[in-house]
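Visitor: Could you have a look at this structure, given as C-alpha cells, before my questions?
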C-alpha cells in the first residue's frame with residue numbers, strides 16, 4: 001500500500017514539477033518571484049495541515065464531498081502529490097539553473113521540438129533529477145499526518161507503514177513499530193545506495 005500510493009503520487013507530480021521548475025529557471029515573467037515564494041512557502045507547510053485542508057474539502061459538508069474521496073486511496077494520493085510537488089519544483093528549479101540558457105537555444109535552433117529540447121536538457125541534469133525523485137519519494141512514503149487524516153488508517157485499504165507504526169505504538173506494540181521503522185530505514189538506505197552507485201559508475205565511465 002505504501003509503495004503503491006507513494007509511487008503513484010510521485011509519477012503524477014513529477015512531470016508537472018519538472019516543467020514548472022524549468023520555466024522558473026529559464027524565463028522571467030510577471031509574478032515570477034511570487035511563484036517561487038509561494039512554492040517555498042508550501043515546502044514549510046506541515047503534512048498534517050495539508051491533511052486538514054483536504055479533510056475540509058473532501059468531507060461530506062465540503063465543496064468536493066459529493067466525490068466521496070475521503071478515506072480512500074485517491075485521497076491519499078492527492079495529499080502526497082501536494083506534499084511532494086513543491087519539493088520537486090524546488091529541486092528541479094535548482095537543477096535547471098545549472099544549465100546554460102544557450103543549451104535550450106541551441107537545441108531549438110537545431111530543430112528540436114520544445115518537448116525534445118526539455119528532455120535533452122533534463123538528461124544533462126539526470127543525477128539531480130534522480131536525487132529529487134529519491135528525496136521526494138522518501139518524504140511522501142515516510143509522512144504520517146496527511147495519510148492518517150485523509151486515509152483513515154483502514155486495514156487492508158488505506159493503512160500504510162507509517163500509519164501502522166503510529167497504531168502499533170498507540171497499542172503499546174513497540175516491537176512491531178520498531179520492526180516497521182526498520183523497514184523504512186532499509187528502504188532509505190537502499191535508495192541512496194542506488195543513487196550513489198549509479199552516479200559513481202557514470203563518473204567512472206566519463207573519466208575513462
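Visitor: Could you identify the single residue in 158, 162 that is assigned to a loop (DSSP other than H, G, I, E, B), in contact (Cβ under 8 Å) with a residue 60 or more places away in the chain and under 21 Å from the mean Cα position of the chain (by Cα)?
Guide: Just one listed residue meets the conditions, 158.
Visitor: Going by the conditions given, is residue 182 surrounded by 14 or more Cβ atoms within 10 Å (Cβ to Cβ), without any contact (Cβ under 8 Å) to a residue 24 or more places away in the chain and in a helix (DSSP H, G or I)?
Guide: Criteria not met by residue 182.
Visitor: Can you list residue pairs whose Cβ atoms sit under 8 Å apart, with the first residue in the range 190-202 being on the phi > 0 side of the Ramachandran plot and loosely packed, with under 10 Cβ neighbours inside 10 Å and the second being modelled with pLDDT of 65 or more and outside any helix (DSSP H, G or I)? Count only pairs 6 or more apart in sequence or on different chains.
Guide: Between residues of the range 190-202 that are on the phi > 0 side of the Ramachandran plot and loosely packed, with under 10 Cβ neighbours inside 10 Å and residues that are modelled with pLDDT of 65 or more and outside any helix (DSSP H, G or I), there is no close pair.
Visitor: Just to be sure before I move on: is residue 12 modelled with pLDDT of 95 or more and within 24 Å of residue 134 (Cβ to Cβ) in the structure I sent?
Guide: When the stated conditions are applied, residue 12 passes them.
Visitor: Sticking with this structure for a sec: Of all the helices (runs of 4 or more DSSP H) wholly in the range 13-109, which have at least 1 residues that are under 21 Å from the mean Cα position of the chain (by Cα), touching a residue at least 60 places away in the same chain (Cβ under 8 Å) and closer than 22 Å to residue 151 by Cβ?
Guide: 47-58, 73-97
The values are calculated or read from the model by the stated rules, or taken from the named source; none is laboratory data. Remember, predicted model here, so these are calculated numbers, not experimental data. All Cβ positions, even for glycine, are placed from backbone atoms using ideal geometry, and neighbour counts span all protein chains on display.
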